[in-house]
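The block underneath contains the structure these notes are about, expressed in structure tokens.
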Amino acid sequence: MGLRLRSARKRCPGEAILSPVCQPRKIQLLPSTLLTRVTAYIHRHHMLTAAQRIGVAVSGGADSVVLLHILHQLRSQFACELLVLHVNHHLRGSASDADESFVRALAAELGLPIAVEHTPAPGTQIEHQTRNLRRAFFHRAIEQHSLHAVALGHTRSDQAETVLFRLFRGAGLTGLAGMRPVTADRLIRPLLTCTRDEVRAWAGSEDIHWRDDASNLDTTFTRNRIRLETLPALASTYNPNLEMLLAQSADLAQTEEDYWNQKIELLYPQLVARTPRGWQMTVAKLTLLHLALRRRLIRRAVQDLRGDLHAIEYEHIESILRLCQSEDGHDRVIIPGVDALRSFGQLLLSPSGLRSSQQRDYQIDLKLGQEYELPFQTGFLTINWLKSVELRHICANFKEEEEQNVEICDWDGDLLGRAGALRTLSVRNWHPGDLFQRVGHHSDEKIKTLFQLGKVLLWERKHWPVVLAGTEIVWVRQFGGSARVIVADGSRNIVRLVYRQA
């Protein structure tokens, strides 16, 4: 089907007659009333201030065209400059090109500059993909044209449909908050205070023309079914004011979420540590929080890690919370875009595939007197002769007030030097099967067993540093030096290892 140039009040010559479905209903609404309401809504949410440049997203449909006309009428009141933004996805062939021509002509009629983006959409998930492409264009336009914000033509009717759509998908309270009047990425929605019918009635009173998109009648799209079938059926069966009630519910949910978000923003930096491996949290601290806070904190961390919450549902958040039911042992769950792992009372959220994609092995030959920065931000290592006998420490792991997370190990230099081991020192990551004899023990143990005893977190083991003299392991981080070469009473030549965490 082609698209037709429409008027809400009268037809242009040669124009097809409006179908009953698209005819605006008769609503007693004075033009000044709608303008006053939109103006008040803009003030209430601080959408515009003086001397700002505002982009206006115009598809050619009724809502976006009315939005442009309203902002054009209000531009002197707010002393703002307008830039028309249009995206041509080329989904409907010549009809899409006709939309672009219509919007260009409208911008020229109003004396406004225009920026047009041609972004053909991929063949799958068209609704989601085209939305993302438009948002990307709006954000580029904000930077390229120094825009304060981009105005979108969503109405209260769209808000009601969004709430119902998210409810059907199983969204939580955050999702039921619907579309916000003003977003953090500088999108504004001045028409959220008006219904779709009110917008068209105002267009009729102003003799404003627009174009109708035939795909909006295609009920294979979920949102179209909700708008054309589900909402009307629910309204006629249960409550004729359903649209208003859903929009009000969104407003209430937004207020509640704003309150909770203030709480979360205070707690988040205290409970979530950003590390090279991902976002890490202490399970015991999480479990002290109310369930409502735990859920929001996890959602916030997932959003922070991924950049969005697309495809994240109730069960995904709950599955991560279930990981926290025990502080002992290990467990793991994978949700879209996030690998969640619990180990010995710590929870790590990392991007999917990060752990498996990281290189595992490294080995560095060591020379006395040099400091080495170990790969993968594992730490810093120095080995040198100890010059002052009074400063010796026997395989000591300690924390000083001025310098935290330092380990010191003293070896008997004579024992190391007998087989020329001082010339073959190296540091590498732990390997499965590695054996090591601790001080006070008479036989070797698997380092993997020591990890269990020392509660070394699973995600830290991969690059865990060990020092070798030749082929023998003589030091393991956290577990000190080997009993075979450790300094003892009577040792005259001492070699000291100093390790610092990154």
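Whole Å is fine, so just give me how far the alpha carbon centre of the range 70-96 lies from that of the range 255-333. Centre-to-centre distance over Cα atoms comes out at 40 Å.
Kirkwood analysis of the range 29-253, using all unique Cα-Cα pairs, places the hydrodynamic radius at 18.2 Å. Between R332 and L217, residue separation times 0.36 nm minus the direct Cα-Cα distance comes to 36.9 nm. Remark: relative contact order (the chain) = 12 percent; criterion is Cα-Cα distance under 8 angstrom and separation of 6 or more residues. Placing +1 on the Cβ of every Lys and Arg and -1 on the Cβ of every Asp and Glu, with nothing else charged, gives the range 272-356 a dipole about its Cα centre of roughly 260 debye. Across all directions, the shadow cast by the convex hull of the range 272-356 built on its C-alpha atoms averages 5.0 square nanometres.
Over all orientations, the chain has a Cα convex hull whose mean projected area works out to 31.1 square nanometres.
Look at the dipole of the chain built from charges on Cβ: of L187, F436, L246, the Cα furthest out on the positive end belongs to L246. Seen against the Cα atoms of the chain and their longest principal axis, helix 94-110 is set at about 80 degrees.
Note on Y372 and K448: with the Förster distance fixed at 25 Å, the Cβ-Cβ geometry gives a FRET efficiency of about 0.50. Rounded, prolate or oblate: which one fits the range 363-500, using the alpha carbon gyration tensor with axes a ≥ b ≥ c (rounded when a/c is under 1.5, else prolate when a/b beats b/c, else oblate)? Since a/c stays below 1.5, the shape of the range 363-500 is classed as rounded. Using a simple spin-label model with pseudo-atoms 7 Å out from Cα toward Cβ, Y362 and Q125 lie 3.5 nm apart.
Ranking A273, V498, V84 by how far each Cα lies toward the positive end of the dipole of the chain (charges on Cβ) leaves V84 at the top. Toward the positive end of the charge dipole of the chain, with +1 on the Cβ of Lys and Arg and -1 on the Cβ of Asp and Glu, the farthest Cα among A177, L468, A108 is that of A108.
Each Cα pair under 8 Å and six or more residues apart adds its sequence gap; the mean of these over the residue count of the range 272-356 is a relative contact order of 32 percent.
What is the range 417-472's relative contact order, in percent, from Cα pairs under 8 angstrom and six or more apart in sequence? 49 percent.
Helix 242-271 and the long axis of the chain differ in direction by around 20°, with both axes built from C-alpha atoms. Placing +1 on each Lys and Arg Cβ and -1 on each Asp and Glu Cβ, with no other charges, gives the range 363-500 a dipole about its Cα centre of roughly 400 debye. Taking 0.36 nm per residue of separation and subtracting the current Cα-Cα distance, fully stretching the chain between R44 and F168 would add 41.6 nm.
With charges only on Cβ, +1 for K and R and -1 for D and E, what is the dipole size of the chain about its Cα centre, in debye, rounded to 20?
Here the size comes out at about 520 debye.
Legend: translational diffusion of the range 401-468 by Stokes-Einstein, Rh = Kirkwood radius over C-alpha pairs, 20 °C, 1.002 mPa s; D = 151 µm²/s.
No value in this document is a laboratory result; all are computed from the given coordinates. Since the model is a prediction, treat every value here as computed from it, not as a measurement. All Cβ positions, even for glycine, are placed from backbone atoms using ideal geometry, and neighbour counts span all protein chains on display.
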